[in-house]
Structure formats: C-alpha cells, structure tokens
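**Student:** Structure provided below as structure tokens; questions to follow.
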Amino acid sequence: MGQAKEQPAGATAPTVRIDLGPRVYWNLRSHAAFGSSSRNWFSVLWRNGRGISFRFVPRIIVITLTVVASAPARLIERLRFGKRIRNTTVQDPIFILGHPRSGTTYLHYILSRDPRFSFCAVYESLMPWVFLSFGRPLRAILRRALPATRPMDNLRMGAELPKEEEFALACMGPGSMVTGYFFPRKMVAMLDRYVLLHDAADKRQWQAHLLHLVRKLTLKYGPRPLLLKSPWNTARVKEILEVFPNARFIHIHRDPYTVYASNLRLYEKTLPMLTLQTYSAADVEDFVLHGYKVMMEKFQREKALIPPGHLVEFSYEEFIGKEIDILERVYAQLGLPDFEFARPLLEMEVAAHEEYVTNEYNLDPATRARIQREWGDVMDRSVADTRVRA
C-alpha cells in the first residue's frame, strides 16, 4: 500500500456532506436490495415504510420490479439445489474481523489469492439466492454495472473479487447492517438489533442464514476453508462460535482517530447509493460514534470464548509494509498449511496495491476530545496516532 499523502496543514473537523439531489435519487442502475427474496423485501418495506422519503419512491419501484421479476430464478435454484444445500457438510470458516475502515478489505483481497481458500464473490454476495444456477449471466451483468473502483477508497472492484457476506445476508433476511444503510435515521437501532443480536429470535434467524450461505458456497467450491469478511462480525463472535465452534479469526484493528474520519467518508460516499430516506450528518456521526463503542465492547468481552490458537490480532499500522511477514505469522498461529506455497501469490497481490495512496487528516482538538470521550474505554491506545489516515 502507498504512503499517506500530505494534506494541507491545520487541524480540521471532519464533516459528512449530504447530497441527495436528483443525480442521486434518479440513479436506478443498481442497489444492494436487487438480490432480495420477495418475502424479505416486502418485509423490509412493511417494517420501515413510514420512514421512506417520497423522492426515493422511483428507487423502491425499480427494486420491487427487480425482486418480483427474479422470483422464477429463485424458484429454479431452490428446486435444483435446495436439498443438496441442506445436506452439504461444511468446514468451520475463517472470519476476518475489524471495524469498518480498519483494513479488512485489503486483508481479504490478499488472502483470497491463496487458491486453497474459497470466498464469497461480489456477484454471489449481491445475488445470493441464484448464483449457483445463473452465475455466468450475473457476472456479465455486474461487470458492466459495477464501477472500476470503490467510491470510498478507490480499491478496485469486480464481479469476481471478494465481497463481504453482509450484503448476501441483507438479501436473505433483516439481520444485516446493510439493511440499516437503507434507512440511515435508524442505523443505531438496527445495529443494536441486528449486529448485537440481543433478541434470541433475531440471533437464530441470522445464524440460520449464515449457515445456509456457507453451505451454498461450500457446495459450489468444495471443502476448502471459506474466508468470510464482514466488519460487523466483530460484534458477533459468540453467535458465530455457536454455529462454528472451531472457527478461526483474524482481527485487524486501526488507529481509532483514523477509523472515525474514514468512516465519515465511507458513509458520505456510500449511503446516497443505498438510502431510501433523507438523513442528516448528525445521523451518520452519531452512528459512527455509537457503533465503534458497542462493537468493540462486545468483541473485547467475547474474544475470550475463542479457542486457543484460533485468533490472531494485529494492527493495520504494523501490517502495512510488512504484509507478508504478518501473514506468515497468521498462517503459523492458525495452523494454516504451507505458507511458502502461498507466498508468491500473496506477494503479487501486495505489489498490485503499491501505488495505493491514503488520505491524511489532522483532526481538530474538539473532534479528538469527543472521540476520546465516547471511545476512551475501548480505544486501542497502542496504535492511536496524532495523524489520521483514511
């Protein structure tokens, strides 16, 4: 990865610019809900209909038409593969953990180059109900629809690149933080319900959907270890272990001041593409502050449940520039086979990101004080820095 580029001197308070004008609400090319089941999509509308803003009705109409039109494809897949999916035996996956904007995607990209692993690709995550039967046309459609790079950080995108399974789970049921992105004014409430999973029924449903997706990916790729990456799983360790008691975990963490600034940029860029309602900068800021605190509190409580030798942790700051050395340690500590076989493939992926440049911010004292006040008990002070790179 490239070195942080210098920004103009002077401390600033990061802000979220909100642009929900016609260019946004008439953007109907794609949406994360296109791959939903009819039951799930209409349930989302029923539970959240009062929060929908009129300007996004065209977006809702296009999503609804897409979901209804794809119902026959979902039926075909269920008839062809339903029994085989249910009877598929799975290995316990490897879960990449870390708060959003902590380097999880970069880590996922590198590890996915080892062909002994499988992963959930973009087209599989966005269309989880039909990718076994219609993978080829889905890949072709998404190659044309997807931008070349991600809007928040310019990492490359592609239909067959790794994607977090959180998007697939949002198409299968309500238990996904991605559904919260459709209703930003409710993101705090949705995180508390669908990420922290306090309710037993919500937990069982989320676990059932995760297991179904893992079985489906295993049916497609065979009994290779599956690499799963969702930042929100950082707060679901206990729930994961109840389904996969021998799961292995890789946790990457990052300077919390960087995390704050980078998350504001993330939601500034991505929420307009997904939202079905208007929202304010305060909605985003409150969500970021609340989300980091409750996620990291839950992770710190639950990581003791992970069996010895099944968790590796390191910081983004120590990872960048020493990726191969860190991953050699990851392979050794998690008992993954033959790192030397994977080394040249991982080195190729690292080299592909050499020109990547991060942004650097200098937070004003008031913002830093607020972050310290909200996150002080859970901040990783070992990597906290006076500079902020996003």
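Readers should treat all values here as calculations from the given coordinates under stated rules, not as data from a laboratory. Just so we're clear, the structure is a prediction, and the values are computed from it rather than from any experiment. Here the Cβ is made from the backbone with ideal geometry for all residues, glycine too, and neighbour counts use every protein chain on show.
**Student:** Averaging sequence separations of C-alpha pairs under 8 Å and six or more residues apart, then dividing by the length of the chain, give the relative contact order as a whole percent.
**Tutor:** Values: 608 pairs, mean separation 111.9, N = 390.
About 29 percent, as a whole number.
**Student:** A follow-up question, please. Could you list HIS253, HIS290, HIS198, HIS31 so that the one with the fewest beta carbons within 10 Å of its beta carbon is first and the one with the most is last?
**Tutor:** Details: HIS253 24, HIS290 15, HIS198 9, HIS31 19.
Ascending number of Cβ neighbours within 10 Å: HIS198, HIS290, HIS31, HIS253.
**Student:** Return a whole-number percent for the relative contact order of the stretch 271-390, with Cα pairs under 8 Å and 6 or more residues apart as the contact set.
**Tutor:** Reported relative contact order: 31 percent.
**Student:** What is the distance, in nm, between label points placed 7 Å from the Cα along the Cα-to-Cβ direction at LEU155 and at LYS293?
**Tutor:** It is 2.8 nm.
**Student:** Also: Full-extension gain between VAL378 and ASN362, please, as 0.36 nm times their residue separation minus the C-alpha to C-alpha distance.
**Tutor:** 3.6 nm
**Student:** Can you give me the relative contact order of the stretch 205-348 as a percent, contacts being Cα pairs under 8 Å and 6 or more apart?
**Tutor:** Numbers: 81 pairs, mean separation 45.1, N = 144.
Once divided by the residue count of the stretch 205-348, the mean separation gives 31 percent.
**Student:** Would you mind getting me the FRET efficiency between VAL62 and HIS353? Use the beta-carbon distance for r and R0 = 41 Å, nearest 0.05.
**Tutor:** 0.75
**Student:** Counting other C-beta atoms within 10 Å, which of TYR331, TYR356, TYR316 has the fewest, and how do the rest follow?
**Tutor:** Ordered by Cβ neighbours within 10 Å, fewest first: TYR356, TYR331, TYR316.
**Student:** Quick one: among PRO225, PRO58, PRO365, which has the greatest mean-square fluctuation in a GNM of the chain with alpha-carbon springs under 10 angstrom?
**Tutor:** Largest GNM mean-square fluctuation: PRO365.
**Student:** Fewest to most neighbouring Cβ within 10 Å: what's the order for THR89, THR105, THR149?
**Tutor:** Taking fewest neighbouring Cβ atoms as first place, the list is THR89, THR149, THR105.
**Student:** Over 20 Å apart: what share of the alpha carbon pairs of the stretch 196-280 falls there, rounded to a whole percent?
**Tutor:** Everything past 20 Å amounts to 54 percent.
**Student:** Here is a follow-up. Using every Cα-Cα pair within the stretch 1-137, state what percent have a distance larger than 24 Å.
**Tutor:** 56
**Student:** Working only with C-alpha atoms, what are the Rg and Dmax values of the stretch 210-249, expressed in angstrom?
**Tutor:** Rg and Dmax of the stretch 210-249, Cα atoms, are 10.5, 28 Å.
**Student:** Over the C-alpha atoms of the stretch 252-302, what are the Rg and the largest Cα-to-Cα span, Dmax, in Å?
**Tutor:** 12.4, 35
**Student:** Pairs LYS220/LYS269; LYS163/LYS269; LYS186/LYS303; LYS203/LYS298; LYS238/LYS322: which are spaced more than 25 Å apart, C-alpha to C-alpha?
**Tutor:** Flagged as over cut-off: LYS220/LYS269; LYS186/LYS303; LYS238/LYS322.
**Student:** Rg over Rh of the stretch 129-282, using C-alpha atoms and the Kirkwood radius, what does it come to?
**Tutor:** Dividing the radius of gyration by the Kirkwood radius yields 0.95.
**Student:** If every alpha-carbon in the chain counts as one equal scatterer, what log10 I(q)/I(0) does Debye give at q = 0.08, 0.11 1/Å?
**Tutor:** -0.40, -0.79
**Student:** How much net charge surrounds ARG39 when only the other residues with a Cβ under 14 Å from the Cβ of ARG39 are counted, with Lys and Arg +1 and Asp and Glu -1?
**Tutor:** Summing Lys and Arg as +1 and Asp and Glu as -1 gives +3.
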